[in-house]
Structures are given as C-alpha cells and as structure tokens.
Amino acid sequence: MPRNFVFTILRLLIVSLVLLPAMVFLSQQTIEPVVLKEQYSYSCKVKHTSGKKHFHIYMPTNWQVEEFAQTLCDTLLAKQSFETVTVSWQPREMLSTEQLLSDNYALFLNRDYALRGLLPNWDDFYTAILSLPSYQISWFSHQDNMQLSANSLKNKRIGLLEDKRSESGYLAPMSELKQFGHGLDNAQLVFYPNRESLVNDFLAEKLDIIPSVGHHGQLKRWPASKTQPLQHVSSTLSWYLNDQYADLAPSLVTYLQQYQSRLLKVHTTHPYSLDKGLR
C-alpha cells in the first residue's frame, strides 16, 4: 500500500477524531427561533431645542403617527426645552399605574373608566384637555343583509383585537357575541395585535366578520348592506395632559382637534358610521 495513501487515511482519521466531539455537541444544542418584536413607538428630535427633556405620548392607535410626532418636533415644541418626542402605542394593558405616577407620559389618550381603574385620583396629576364624542361601532362582513345570530355565526371566522381594553375591538363585540353566541366555538375567534392586520385579513377574506368603526380607508367604502351596528355606544375617550406642561395646553388642543378631525373623518354616506369614530 503506498505511503501517501496511508498518510492521507491517518490525517482523515485524526481530523474526524478532532471534529467528532464538536459535531456531537452542536447536534445537542437547541437553536432558538428569532422572534421579531413589533414596533410600538416612534421618536423624533425637536428642532432648535433648548433643553434635554423628553415629551412622551401614549395613544392606542398608530394612525399617521410619524406625521403626528414630526409636527410636534418641527413646530409645536420647537425652541422649547424638549430634546425628543416619543409616541407609543403599545397594547393598553401595558399602560400601568407606575408609569402614570412616575410622570412617564406628558400626554396620553385613554377612556375615563380605564384611567380611573389605573389611577383613581388621576386629576391630581393630569387634566383632560380634549374629549372625543361617542361613536357607533359596527360589524363588517362579506355577506349581504347580515343579521347576526347564534345560527348565522356558525362556522364563521370572527376577527377581534387581542387588546382586551379596546372597546371597539374587543370589549363591546365580545359582549355582544356572548349574548347570541350559544354554541360559539372559541376556535372561530382570531385575535390580532393591531387594527391594521385585522382589517387586512378581513379584506383578504381570511375572516368572515370583524368589528370596526369604519375609519379605515377601505372600510369607509364598505356597502351598508354588509354592516350591522352593535347595540353599544362608546364611552368617553379623552386626551390627558400632565399638569407640569399646562402652559402647552392651548397649542396642543388646537393641534389635537385637527388630528382628531382627520382621524375620525369617515364618509357620511355610510348609515352606521359617524364622523366621530376612533378605535
């Protein structure tokens, strides 16, 4: 047998003996999947800042959030003592009493009953500077002349928000479903992290029925024959300003009214949509 061949075999054996423990070790390791966290905030730098403070805002929707924040950074808070503006829209159950007491938020949007549940004496720290009018929540479906009942809900895929504090995306529709949901299978309920993904799956016909207030672009044009109003009127939703920034209230109210009118504007030909809606 040639010597070169023998040396080659020996080298291969040595390499195998060296690599074998490493291969065994790697085969026993569990590779954890990479989980991409959903973004729940947007920040911008205040123009011509004269300080280092942060203006943190919370609201339960990310609709036009970049434009909302940039307007504050570029004009309303320019030349003020703020360095950055951050807008957060994480699920409402993540909003805590500790955050409210630690002055974490300068401005936030919430419902009166939810705020009192978190901080009964909220008015010692915050002032309600603008309240939104109540609005109608409706069911949207792909079926004409829809009449919701236990029978009509059979085998239907129903989309809801997983935010259990969302009045229009969870609380009100879930309450109504329970009223005529005898025999309703929990497997029929599909929960979504945000309104956008919920509506997109509905438009793609992955869902049969969803609740909404009709201000989403394509839902504005949804046929009235394929909607049904919930027997529910929304509770008061207000903007609350931290008292230490009370001097900003006049300019903020003016801007919030403009933002609110754009957000809540739905086309008036829809019989079940008010021009006063929010999630």
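Readers should treat all values here as calculations from the given coordinates under stated rules, not as data from a laboratory. Predicted model, so just to flag it, every value in this text is computed and none were measured. So basically every Cβ, Gly included, is an ideal-geometry build from the backbone, and we count neighbours across all protein chains shown.
Distances between every pair of Cα atoms in the stretch 136-233, grouped in 10 Å steps from 0 to the bin holding the largest one, split as 16, 56, 27, 0 percent. Placing dummy labels 7 Å off each Cα toward the beta-carbon, the span from GLN64 to ASP201 is 2.8 nm. Taking amide H as placed 1.01 Å from N in the peptide plane, VAL190 has its amide H under 5 Å from the amide H of ILE158, GLY159, LEU160, each at least 5 places away in sequence or on another chain.
Using 25 Å as the Cα-Cα cut-off, could you pick out the over-long pairs in LYS154/LYS206; LYS154/LYS178; LYS156/LYS226?
Beyond 25 Å: nothing from the list.
Fewest neighbouring Cβ atoms within 10 Å first, the residues VAL46, VAL253 line up as VAL253, VAL46.
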